[in-house]
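> Input: one structure, supplied below.
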Amino acid sequence: MKEGLTHLLYPRKCPGCGMVLSAGELVCAECAKEFALIEEPTCLICGRHIESEAEERCYTCTRSERSNIFGIAIFAYDDIMKKAMSDLKFHGQKDNADYFAAMAVSRSGSKIRNFDPCALIPVPVHKSRLRERGYNQAEIICDKIGEMLGIPVVTDLLQRSRKTDYQKNLGSIMRRRNLEGAFSCNNKVYPSGRIKSELPRVLLVDDIYTTGNTMEHCARKLSEAGVDEIGLLSISIGGGT
Ligand SMILES: [Zn+2]
Ligand SMILES: [Zn+2]
């Protein structure tokens, strides 16, 4: 009843085409076919599609330092996803997160359960961006996945200590520099003893994975803070091979 009323007052729109959906729908039938899911086999580290299972890691992950041991990606970061993600991030289309979270759980819920994270950790945005936008899209997605899988979401451990330029606007060398010192862990609230006992294994969650630099910087900080095993969940993945 309550859901029905909410739907009447604020009808949900399709994350792909913006068409008003029927109650209970998260995407229209046409766009459900357009959003490209990542197919198996996938890279163990980032979740990108790879040609053969025997490879285990994609080209980028075999050649880069990676602090995580596990990774899942749900969708390809193609044109339809770019728009849906940008609508969620910059244009207040928070409903899009429901579709992304539902697909993450239906596609990879069992993989996440097998990894058995003590917490989900959204990649944080800087305070000033939070003020501009009013929310962190990765945290919204995280909250919904956490609720569906019964896994707590921890937002006060990993922090964005420095405001950075948007990665997409930078070349690869500047991208790497841009992130130096961008993230830190709150050691006052989470001394390493507490991390070792409460958060030995976590799943970092972000909306977009391209070069993997952002996730790697976050994973490195978590590892330095005492987290033993780090997994990644990216709603969409692009670039690289
Ligand atoms: Zn649609
Ligand atoms: Zn990879």
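> Skipping prolines and chain starts, which residues have an amide H placed within reach, meaning under 5 Å, of the one on Val205, given they are 5 or more residues away or on another chain?
HN-HN under 5 Å from Val205: Ile121, Val123, Leu233.
> Dimensions of the stretch 11-237 along principal axes (Cα, Å, largest first)?
49, 46, 39
> Among Phe70, Phe90, Asn187, flag the residue with its Cα farthest along the positive direction of the charge dipole of the chain, charges on Cβ as +1 for Lys/Arg and -1 for Asp/Glu.
Highest projection toward the positive end goes to Asn187.
> With runs of 4+ DSSP H residues as the only contributors, calculate the mean residue ellipticity of the chain at 222 nm using -39,500 (n - 2.57) per run, divided by the residue total and rounded to the nearest 500.
-12000 deg cm²/dmol
> For Phe70, list long-range residues whose amide hydrogen, built 1.01 Å from N in the peptide plane, is under 5 Å from its own amide hydrogen.
Answer set, sorted by chain and number: Leu232.
> Follow-up. Once you charge only the Cβ atoms, +1 for Lys and Arg and -1 for Asp and Glu, what is the size of the charge dipole of the chain about its Cα centre, to the nearest 20 debye?
1000 debye
> Would you mind ranking Cys43, Cys28, Cys185 by Cβ crowding within 10 Å, fewest neighbours first?
Cys28, Cys185, Cys43
> Can you give the alpha-carbon Rg of the stretch 55-186 over 2.2 N^0.38 Å, where N counts its residues?
After normalising by residue count via 2.2 N^0.38 Å, the value is 1.11.
> Follow-up question, since we're still on this one. Report the far tail of the P(r) of the stretch 20-83, meaning the percent of Cα-Cα pairs longer than 16 Å.
56 percent
> What is the helix-to-structure angle for 96-115, meaning the angle in degrees between its Cα long axis and the longest Cα principal axis of the chain, kept from 0 to 90 and rounded to the nearest 10?
For 96-115 against the chain, the angle is about 50 degrees.
> Evaluate E = 1/(1 + (r/R0)^6) for Ser184 and Leu130, where r is the Cβ-Cβ distance and R0 equals 25 Å; express this FRET efficiency to the nearest 0.05.
The formula returns an efficiency of 0.95 here.
> Tell me which of Asn178, Ile151, Ser52 sits at the most positive position along the dipole axis of the stretch 11-237, charges placed on C-beta atoms (Lys, Arg +1; Asp, Glu -1).
Of the listed residues, the answer is Asn178.
> So, counting K/R as plus one and D/E as minus one, what does the shell of residues with Cβ under 9 Å around Cys43 add up to?
It works out to a net charge of 0.
> Can you give me the long-range amide H partners of Val153? Hydrogens built in the peptide plane at 1.01 Å from N, cutoff under 5 Å, separation of 5 or more residues or another chain.
Answer set, sorted by chain and number: Leu120.
Read-outs: derived from the displayed coordinates by stated rules, not from any lab. Given the structure is predicted, the values throughout are model-derived calculations rather than measurements. Every residue, glycine as well, gets a Cβ built from its backbone with ideal geometry; the counts of neighbours run over all protein chains shown.
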